[in-house]
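Enquirer: Just dropping this structure here.
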Amino acid sequence: MCGLLGLLTTRADAGTRIQPVAAAMRCARHRGPDESGTWNDADVAFGFNRLAFIDIEHSHQPMQYANGRYTIVFNGEIYNYLELRDELIHQYGARFATAGDTEAIVAAYHYWGPAAVGRLRGMFAFLIWDAQERVMFGARDPFGIKPLYMAAGPAGVAFGSEKKSLLQLAPALGLGAAGVSADLDPAALHHYLLLQYVPEPATMHRAIRRIESGTHFTVRPGGEVEQERYFTPTFHSGAAAGGSAALHSRIADVLADSVAKHMRADVTVGAFLSGGIDSTAIAALAKQHNPNLITFTTGFEREGYSEVDVAAESAAAIGVRHVVRTVKPDEMMAALPLIVWYLDDPVADPALVPLWFIAREARQHVKVVLSGEGADELFGGYTIYREPLSLAPFEKVPGAVRGLLGRASTHLPEGMRGKDLLRRGALPLEERYYGNARIFRDEHLAGILRQYDPRRSHTEITEAHYRDSEAWDPVSRMQHVDLFTWLRGDILVKADKVTMANSLELRVPFLDPEVFAVASGLPLSEKLAEGTTKYALRRALEGIVPPHVLHRRKLGFPVPLRHWLRDEMYLWARDIIRDSQADHLLDLAAVQRMLDAHRAGPVDHSRRIWTLLVFLLWHGIFVERRIVPEIPEPAYPVRL
């Protein structure tokens, strides 16, 4: 896990471009404090910050291969690199100068071309420059675990692990840095307020985009970036081959294999542990490979907002050393501007704040942690996936009557029991479901967003995904939407940004191509059954996960925002609104009224307020330049 930057320039003085590349890498030093390197030729300049895990004394980057024909910069981990190396050696007589996974990627590309990407089992974003063909090839992993940003200008195109690096590199691309920073995408802001994140491939800055998950691309000097999708997650639910018992056994086997491969490292690996089944399963399986495994959890002192006790019970049952970090509201307020700086774009998931603190704590003990992200999307774990069952009676109601019910719901008081059920029951799946996060609905934005456009909707984001899954059952379609929206827009962004801010690598064994190959074929009855979610996964983990966790409701890392914004955080939130210079984008007076209404109660506006506060902080940092967080130098003494 590292940070890369690549500049493909059309200017004749490409050699001088190494200085701005090296400077732009400075703001991404947290991604790789172990060592830095640069390289350039007549067309390309590469920069790299390394966080070393495998073949630590070698595998330096930028790395060359085939007598200098190829140069690669790579962020991530390839967990089947040993198998790939053996295959390349025995099939082609490939030679390797290192013992790491970086060289396995570039060697695979040399022999297999773009098809090599489909052979990689891991998380990755990489760039390869072919000096013979004068072409750059790059790719991003199937699920979007690792980020890759892109900016193009009159003088060339650049790619980076950090968006802030590309903002700094704007002049080298022939773009005015001040203009790029101020040129916000109104569609991105609209969708952020709907979803609490900016959906791919957009960013909040119009000039910077993201290479989408599951795609690779080529680009030549002066040419256009040509992208191609190599992986599309496809669900094909049907009868369980060999019966349920055989299916559950396959799930247990493939997950155990994935965890084993994710444990490959020349440094100590730990695990995050909440009170849920996903992280507990990963920790239990990891313990089989590291008897001295350390697990980490976080929580709050307020009752009902912590899984510390359950996680501690799980750690004791598994037999691992356990570390707890409790977070207080004053710590959240102090840390949030710095966290937002690391995020690059606003993400309003409150769980990223406790994740920041536990990542900071974990980095004092280990360099790598495993976590349970992705299990819900693959195995059907979100409670909302049961909605098609609860709304089934509406399917029997004639369309005209459903429309009347929907219109009637608009006249019911906000927060009244049954109002949202009527509203959602009147809508088809494609209109009512746009991912796990729903912050502001379209009709609420008109009173907040200055440039509100009623023609803009969440369907701009989800329409293509629903079209691609038209023949599937409703739950599979919801999972498909989440893989392209919620998972890669929120879950994986916060997982990467918050851990890498602390120079900690996070690995996610559920998001493995082999695990997905099994999960994608689950029949609906193996997702939702006996009043629970992730039914097949729960059955597969019997005997692996402690009984007190096996059928427990998912909680995650909940944050007591509802209470804190009425008390401890009220003045802090008021000051953020008062000091902001974003009134041309948001009606700040309306935001303040929302905060006051929340404080007065009984209405709960906490998630909406938090979404607005995170954006106002982001705007103050990246556009106004009024807020300047103090960026710490990466320094992590390990407590043994």
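Enquirer: Mind listing whichever residues of segment 301-326 are modelled with pLDDT of 90 or more, more than 26 Å from the chain's Cα centre (by Cα) and not in a helix (DSSP H, G or I)?
Expert: Across segment 301-326, the qualifying residues are Gly319, Val320, Arg321.
Enquirer: Given the conditions (1) farther than 16 Å from Val219 by Cα; (2) part of a strand (DSSP E or B), which single one is not true for Ile128?
Expert: In the conditions (1) farther than 16 Å from Val219 by Cα; (2) part of a strand (DSSP E or B), Ile128 misses (1) alone.
Enquirer: To continue, here is another question. If Phe272 satisfies all but one of (1) within 20 Å of the chain's Cα centre (by Cα); (2) outside the structural domain of Glu331 (by TED's automatic domain parsing); (3) of a type in the set (Phe, Trp, Tyr), what's the number of the condition it fails?
Expert: Condition (2) is where Phe272 drops out.
Enquirer: Pro632 is checked against (1) buried (at least 21 other Cβ atoms within 10 Å of the Cβ); (2) under 25 Å from Met25 (Cβ atoms) and fails just one. What number does that condition carry?
Expert: Going through the list (1) buried (at least 21 other Cβ atoms within 10 Å of the Cβ); (2) under 25 Å from Met25 (Cβ atoms), Pro632 breaks only (1).
Enquirer: All but one of (1) under 23 Å from the mean Cα position of the chain (by Cα); (2) surrounded by fewer than 24 Cβ atoms within 10 Å (Cβ to Cβ) hold for Ile358, so report the exception by its number.
Expert: For Ile358, the exception is condition (2).
Enquirer: Right, next: Out of Leu550, Leu537, I need the residue that is modelled with pLDDT under 90, surrounded by 17 or more Cβ atoms within 10 Å (Cβ to Cβ) and either over 28 Å from Lys328 (Cβ atoms) or hydroxyl-bearing (Ser, Thr, Tyr) (or both). Which one?
Expert: Unique residue meeting the criteria: Leu550.
Enquirer: Now for a different question. Which residue, of Gly37, Gly68, Gly76, Gly47, is assigned to a strand (DSSP E or B), surrounded by fewer than 18 Cβ atoms within 10 Å (Cβ to Cβ) and outside the structural domain of Arg507 (by TED's automatic domain parsing)?
Expert: Being assigned to a strand (DSSP E or B), surrounded by fewer than 18 Cβ atoms within 10 Å (Cβ to Cβ) and outside the structural domain of Arg507 (by TED's automatic domain parsing) holds for just one of Gly37, Gly68, Gly76, Gly47, which is Gly37.
Enquirer: Related question: Looking at segment 462-482, can you tell me whether even one residue there is in contact with a strand residue (DSSP E or B) (Cβ under 8 Å, 6 or more places away or on another chain) and either surrounded by fewer than 21 Cβ atoms within 10 Å (Cβ to Cβ) or among the acidic types (Asp, Glu) (or both)?
Expert: There is no residue in segment 462-482 that is in contact with a strand residue (DSSP E or B) (Cβ under 8 Å, 6 or more places away or on another chain) and either surrounded by fewer than 21 Cβ atoms within 10 Å (Cβ to Cβ) or among the acidic types (Asp, Glu) (or both).
Enquirer: List, please: which pairs have Cβ atoms under 6 Å, are six or more places apart or on different chains, and start with a residue in segment 203-223 that is at negative phi and end with one that is hydroxyl-bearing (Ser, Thr, Tyr) and at pLDDT 95 or above?
Expert: Ile208/Tyr149; Arg210/Tyr149; His216/Tyr230
Enquirer: Limited to segment 1-34, what total is found for residues that are among the acidic types (Asp, Glu) and modelled with pLDDT of 90 or more?
Expert: The qualifying residues number 1.
Enquirer: In the set Leu616, Leu586, Leu612, Leu595, which member is surrounded by 15 or more Cβ atoms within 10 Å (Cβ to Cβ) and more than 24 Å from Glu331 (Cβ to Cβ)?
Expert: That would be Leu586, the only listed residue that is surrounded by 15 or more Cβ atoms within 10 Å (Cβ to Cβ) and more than 24 Å from Glu331 (Cβ to Cβ).
Enquirer: Separate question: Name the residues in segment 357-393 that are among the aromatic types (Phe, Trp, Tyr) and assigned to a loop (DSSP other than H, G, I, E, B), would you?
Expert: Of everything in segment 357-393, just one residue is among the aromatic types (Phe, Trp, Tyr) and assigned to a loop (DSSP other than H, G, I, E, B), namely Tyr382.
Enquirer: Look through Ala239, Ala202 and report the one residue that is assigned to a loop (DSSP other than H, G, I, E, B) and modelled with pLDDT of 95 or more.
Expert: Ala202
Enquirer: Residues in segment 265-288 that are crowded, with 20+ Cβ neighbours inside 10 Å and in a loop (DSSP other than H, G, I, E, B): how many?
Expert: Final tally of qualifying residues: 4.
Enquirer: Next up: Which condition breaks for Ala116 when tested against (1) within 25 Å of the chain's Cα centre (by Cα); (2) part of a loop (DSSP other than H, G, I, E, B); (3) farther than 30 Å from Leu175 by Cα?
Expert: (2) is the only condition that Ala116 fails.
Enquirer: Same structure again: Taking only pairs six or more apart or across chains, which ones have beta-carbon atoms under 7 Å, a first residue in segment 38-52 that is in contact (Cβ under 8 Å) with a residue 24 or more places away in the chain and closer than 12 Å to Leu5 by Cβ, and a second residue that is hydroxyl-bearing (Ser, Thr, Tyr) and crowded, with 22+ Cβ neighbours inside 10 Å?
Expert: Within 7 Å, the pairs are Trp39/Thr71; Phe46/Thr71.
The values are calculated or read from the model by the stated rules, or taken from the named source; none is laboratory data. Just so it is clear, the structure is predicted and the values come from calculations on it, not from any experiment. So basically every Cβ, Gly included, is an ideal-geometry build from the backbone, and we count neighbours across all protein chains shown.
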